[in-house]
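Worksheet: the structure to be examined is printed underneath.
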Amino acid sequence: MASKKKKGEDYRGIPTPVCPNCQSNWFRMTVMFDEIGYMPSAYALEDAECFKCGALITPATPLDREPYPPCKICKEEEGLVDGYCWDCDPEFYDDEELDDN
């Protein structure tokens with residue numbers, strides 16, 4: 001007789017982008033696909049399961065994350081790349097320009 005796989009722990013209720021049990025960021029989830037773009041267009045928040053350990057979790061959404069701080073250069077947009085917005089990527093500035101701001 002085959003043994004049943006034991007389900008993981010239940011961590012549902014606090015949105016998280018990683019499994020609290022094993023720190024994996026791979027999950028099994030119910031998703032809906034866009035028929036035109038072939039990309040996930042929606043997902044269910046009730047039934048996420050860690051792919052590695054089987055723990056049940058509530059997946060995080062963009063609204064659950066802390067906001068990024070303002071860009072270190074322009075101070076107006078959210079810093080997306082190491083604290084800089086896409087328009088102010090420091091690779092395109094020399095050190096003197098950065099020191100002036």
>> Can you report the number of residues in segment 9-41 which are loosely packed, with under 10 Cβ neighbours inside 10 Å and free of Cβ contacts under 8 Å to residues at least 24 places away in the same chain?
In response: 5
> Tyr93 versus (1) modelled with pLDDT under 90; (2) hydroxyl-bearing (Ser, Thr, Tyr); (3) in contact with an Asp or Glu (Cβ under 6 Å, 6 or more places away or on another chain): which is the lone unmet condition?
Replying inline: (3)
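The values are calculated or read from the model by the stated rules, or taken from the named source; none is laboratory data. It should be emphasised that the depicted structure is a prediction, and the values quoted were computed from it without experimental measurement. When we count neighbours, we look across all protein chains shown, and the Cβ atoms used for this are built from the backbone with ideal geometry, even at glycine.
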